[in-house]
Amino acid sequence: MIKLVELYEIRKYSGTKEAYHLREVFVNPEHVVCLREDHKARTALTEGNLPQDLDNRQSFTKIHMNRGQNGIDITVVGSPTTIEEQLKSGKQLLRG
């Protein structure tokens, strides 16, 4: 399992703006199907809608993971190249 930082959104139903937060996630590299740059997150950063502690030069990657018959997408902090290197690094944090 590889530890990454996920950017996730909390939708508000009262008509106000969405709130974005960061949290640590653990990803099994064997379940990753696709990596691609997340332009929506980059736009939100340039518009000032993401947490204040992110650098304006930061990039984001959308990871598509296999969950059997369907998949799940998460957005993580870092470029696709950086995330690929972390997934290939072979560092095993948990072994199950």
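Observations on the model:
- Test result for R23, over 15 Å from the mean Cα position of the chain (by Cα) and over 19 Å from S89 (Cα atoms): no
- Of all residues in segment 52-66, those satisfying the criterion of being within 16 Å of E6 (Cβ to Cβ) and out of contact with any His (no Cβ under 7 Å at 6 or more places or on another chain) are D53, L54, Q58, S59, F60, T61, K62, I63, H64.
- For Y20, the test of being touching a residue at least 40 places away in the same chain (Cβ under 8 Å), among the hydroxyl-bearing types (S, T, Y) and surrounded by 12 or more Cβ atoms within 10 Å (Cβ to Cβ) is failed.
- Subset of segment 77-96 that is of a type in the set (A, V, I, L, M) and not in a helix (DSSP H, G or I) - its residue that is modelled with the highest pLDDT: V77
- Hits in segment 1-18 (condition: closer than 30 Å to S89 by Cβ and either modelled with pLDDT under 80 or not in a loop (DSSP other than H, G, I, E, B) (or both)): I2, K3, L4, V5, E6, L7, Y8, E9
- Just so you know, in segment 48-69 the residues that are over 13 Å from the mean Cα position of the chain (by Cα) and not in a loop (DSSP other than H, G, I, E, B) include one that is surrounded by the most Cβ atoms within 10 Å (Cβ to Cβ), and it is N66.
- Considering (1) out of contact with any helix residue (DSSP H, G or I) (no Cβ under 7 Å at 6 or more places or on another chain); (2) within 14 Å of L87 (Cβ to Cβ), the lone condition that G68 does not fulfil carries the number (2).
- Looking only at segment 53-79, residues that are out of contact with any Lys or Arg (no Cβ under 8 Å at 6 or more places or on another chain), β-branched (V, I, T) and free of Cβ contacts under 8 Å to residues at least 60 places away in the same chain come to 2 in all.
The values are calculated or read from the model by the stated rules, or taken from the named source; none is laboratory data. What you are looking at is a predicted structure, and each value in this text was computed from that prediction instead of being measured. All Cβ positions, even for glycine, are placed from backbone atoms using ideal geometry, and neighbour counts span all protein chains on display.
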